[in-house]
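Engineer: One structure coming up, written as structure tokens, with questions to follow.
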Amino acid sequence: MSRAADIVARLRKLEGGGLRTFSEDPPFVWERAEGCYVEDADGWRYLDLYGGFAVAATGYSHPRVVEAIQRQATTLMHCPSAHPSRVRAEFYEALASIAPPGLDRFLPAVTGAMANEMALLLARTRRPDGAIVSFAGSYFGRSIGTAGFAGKARYRDALGIPAGGPFVPFPYPLRHGDAATDLTMRALEELTGPGKRPLAAVILEPIQGNGGVVIPPADFFPRLRTFCDRVGALLIVDEIQSGCGRTGRFWAIEHSGVTPDLMTVGKGIGGGLATAAVMGRAEAMTWPPDSYTSTFLVNNLNLAAAVAAMGVMRDEQLPGRAASIGPAGLARFKAALADVEGVREVRGQGLWYAAELADAAWAARAVKLARERGVIVGRSGYDDSVIKLSPALIIGEAELHTGIDAAAGAIRDSRGTAR
Ligand SMILES: Cc1ncc(COP(=O)(O)O)c(C=O)c1O
């Protein structure tokens with residue numbers, strides 16, 4: 001039995017159901033990761049174009065992050081949220097150095113779902129009787145406070161959670177054409193008016209990640225901001241997947257010129273450790289003391305890693321890298337798939353690419369074939385038919401192009417071949 005197979009067998013014996021562990025066949029057993037590469041338990045090395053579900057913004061085990069973790073581990077790891085510490089101050093200062101203008105208050109969180117729950121709780125505190133509006137295709141996490149706002153019904157159904165509020169369509173140009181923004185704005189307007197519940201908040205991603213890199217038209221966010229201001233709803237923007245430089249700016253919302261009331265960040269912000277945060281306008285963050293806590297909220301090891309990771313993002317100008325090398329990669333991906341029948345669209349922004357295919361089974365075959373050829377790509381989308389690339393932002397241009405060629409080749413060669 002291979003080492004990977006042995007590990008899988010041991011997990012199968014003990015793990016409760018419901019995680020994504022066995023959703024790939026064979027399961028991909030990770031052993032180590034560095035930079036843009038992952039090695040499996042049998043010693044095979046892969047170029048990772050998915051970045052561990054868009055976490056590895058600074059690459060795996062960036063030396064500055066590793067050094068910060070080693071130093072912090074011998075100084076202070078656990079620190080209760082009741083007690084201030086230097087690292088927490090540094091964490092807020094680092095967030096302030098990369099936050100969009102206008103967002104100047106911060107709350108720490110451990111996971112993306114937790115950050116979103118905190119943002120939603122802030123909105124509920126402000127308007128307890130208000131509804132929270134979400135969007136088709138959205139993803140905010142799988143906790144009890146976030147799963148109800150998942151745009152995909154199967155995520156809610158799997159956990160027995162009802163819809164948390166009304167849903168409207170996310171403006172999806174491939175599906176809705178030129179009228180995409182109008183369609184969404186009309187649906188929002190229908191939620192308002194005499195006899196309707198007030199709206200406490202509208203929560204959405206600036207570019208949908210789990211939805212399959214769905215990029216709304218440029219007029220959408222300005223119109224949404226105007227709508228939220230008129231009805232008095234908080235605009236909560238989830239940058240957990242789209243942020244940390246991925247789209248060519250630190251935050252995807254910055255391309256629109258709109259400032260949200262609350263913004264959630266996570267994934268890459270921790271440099272590989274579990275850190276997330278809520279950023280906000282001071283007026284939207286007015287909880288009295290002891291409204292919220294959690295034992296590991298300000299774990300200083302995690303925060304030290306995040307401080308180092310944010311330093312890397314700034315010093316290595318990772319948003320600028322995504323802006324400068326991203327477009328050529330997208331052009332290459334588009335050209336490689338231009339004549340492949342059934343590829344509905346190739347789209348992207350910065351170092352974030354998607355190829356929407358005719359069906360989910362093809363996308364699953366493409367992921368598998370890419371892996372057999374040594375490249376990791378992701379699959380998502382409203383119906384799981386989108387191949388998604390979100391490489392580490394430190395990736396070299398030649399590696400990026402090699403990876404894109406391999407991803408496109410796997411898509412092309414898996415078309416119509418049930419494997
Ligand atoms: C946009 C978005 N929001 C929230 C989350 C949930 O974050 P976490 O898995 O850290 O709870 C994710 C995770 O994929 C995400 O992509």
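The values are calculated or read from the model by the stated rules, or taken from the named source; none is laboratory data. Quick caveat: nothing in here was measured; it's all calculated off a predicted structure. Cβ sites come from the backbone with ideal geometry, for glycine too, and all protein chains shown count toward neighbours. SASA here: full protein model, heavy atoms, side chains in, ligands and nucleic acids out. Shrake-Rupley method; radii C 1.70, N 1.55, O 1.52, S 1.80 Å.
Engineer: Mind checking whether some residue in the stretch 372-379 is assigned to a helix (DSSP H, G or I), modelled with pLDDT of 95 or more and closer than 24 Å to Ala33 by Cβ?
Structural biologist: Scanning the stretch 372-379, I find at least one residue that is assigned to a helix (DSSP H, G or I), modelled with pLDDT of 95 or more and closer than 24 Å to Ala33 by Cβ, so the answer is yes.
Engineer: Continuing with the same structure: Step by step: first the residues of the stretch 132-144, then only those that are within 11 Å of the ligand (Cβ to nearest atom) and on the phi < 0 side of the Ramachandran plot, then the one that is most open to solvent (accessible area, probe 1.4 Å). Which residue is that?
Structural biologist: Arg142
Table: residues versus (1) crowded, with 22+ Cβ neighbours inside 10 Å; (2) over 23 Å from the mean Cα position of the chain (by Cα); (3) among the β-branched types (Val, Ile, Thr).
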{"site": "Glu316", "(1), (2), (3)": "no, no, no"}
{"site": "Asp339", "(1), (2), (3)": "no, yes, no"}
{"site": "Ala354", "(1), (2), (3)": "yes, no, no"}
{"site": "Ala363", "(1), (2), (3)": "yes, no, no"}
{"site": "Ile376", "(1), (2), (3)": "yes, no, yes"}
{"site": "Asp383", "(1), (2), (3)": "no, no, no"}
{"site": "Ala392", "(1), (2), (3)": "yes, no, no"}
{"site": "Gly403", "(1), (2), (3)": "yes, no, no"}
{"site": "Ala407", "(1), (2), (3)": "yes, no, no"}
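Engineer: State whether the residues of the stretch 322-341 include one that is in contact with a Ser or Thr (Cβ under 7 Å, 6 or more places away or on another chain) and at pLDDT 95 or above.
Structural biologist: Yes, that holds for at least one residue.
Engineer: Now, a different point. Quick one: count up the residues across the stretch 97-148 that are assigned to a loop (DSSP other than H, G, I, E, B) and in contact with an Asp or Glu (Cβ under 8 Å, 6 or more places away or on another chain).
Structural biologist: Of the residues in that region, 8 qualify.
Engineer: Cβ-Cβ below 7 Å, separation at least six or inter-chain, first residue in the stretch 236-248 and under 19 Å from Pro327 (Cβ atoms), second acidic (Asp, Glu) and within 11 Å of the ligand (Cβ to nearest atom): which pairs?
Structural biologist: Ser242/Glu205
Engineer: Further question on the same structure: Tell me whether the stretch 293-302 contains one or more residues that are over 19 Å from the mean Cα position of the chain (by Cα) and either modelled with pLDDT under 95 or open to solvent by less than 10 Å² (accessible area, probe 1.4 Å) (or both).
Structural biologist: Yes, the conditions are met somewhere in the stretch 293-302.
Engineer: Condition first: among the hydroxyl-bearing types (Ser, Thr, Tyr) and either without any contact (Cβ under 8 Å) to a residue 24 or more places away in the chain or away from the ligand (no atom under 16 Å from the Cβ) (or both). Now tell me which residues in the stretch 250-294 satisfy that.
Structural biologist: Of everything in the stretch 250-294, those that are among the hydroxyl-bearing types (Ser, Thr, Tyr) and either without any contact (Cβ under 8 Å) to a residue 24 or more places away in the chain or away from the ligand (no atom under 16 Å from the Cβ) (or both) turn out to be Ser256, Thr259, Thr286, Ser291, Tyr292, Thr293.
Engineer: Residue under question is Arg156, and the condition is that it be free of Cβ contacts under 8 Å to residues at least 60 places away in the same chain, on the phi < 0 side of the Ramachandran plot, touching a Gly at 6+ places or on another chain (Cβ under 9 Å) and in a helix (DSSP H, G or I); does it hold?
Structural biologist: Here the answer is yes, as Arg156 does meet what is asked.
Engineer: Hey, can you tell me all the residues within the stretch 270-292 that are open to solvent by 40 Å² or more (accessible area, probe 1.4 Å) and in a strand (DSSP E or B)?
Structural biologist: Correct list: Leu273 only.
Engineer: Filtering the stretch 97-131 down to residues that are more than 15 Å from the ligand (Cβ to nearest atom) and among the β-branched types (Val, Ile, Thr), which residue is most open to solvent (accessible area, probe 1.4 Å)?
Structural biologist: Thr125
Engineer: Sticking with this structure for a sec: Right, Pro327: in contact with a Gly (Cβ under 9 Å, 6 or more places away or on another chain), without any contact (Cβ under 8 Å) to a residue 60 or more places away in the chain and open to solvent by 20 Å² or more (accessible area, probe 1.4 Å) or not?
Structural biologist: yes
Engineer: I've got another one for you. Might you let me know whether the stretch 72-92 holds any residue that is touching an Asp or Glu at 6+ places or on another chain (Cβ under 9 Å), touching a residue at least 24 places away in the same chain (Cβ under 8 Å), away from the ligand (no atom under 11 Å from the Cβ) and open to solvent by less than 70 Å² (accessible area, probe 1.4 Å)?
Structural biologist: no
Quick grid of which residues meet (1) farther than 19 Å from Arg373 by Cβ; (2) among the β-branched types (Val, Ile, Thr); (3) assigned to a loop (DSSP other than H, G, I, E, B); (4) open to solvent by less than 90 Å² (accessible area, probe 1.4 Å):
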position	(1), (2), (3), (4)
Ala4	no, no, no, yes
Ala9	yes, no, no, yes
Gly18	yes, no, yes, yes
Ser23	yes, no, yes, yes
Pro27	no, no, yes, yes
Ala33	no, no, no, yes
Gly43	no, no, yes, yes
Tyr46	no, no, no, yes
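Engineer: Moving on to the next point. Against the condition surrounded by 17 or more Cβ atoms within 10 Å (Cβ to Cβ), part of a loop (DSSP other than H, G, I, E, B) and under 21 Å from the mean Cα position of the chain (by Cα), how does Gly350 come out, does it pass?
Structural biologist: Yes; evaluated as a whole, the condition is true for this residue.
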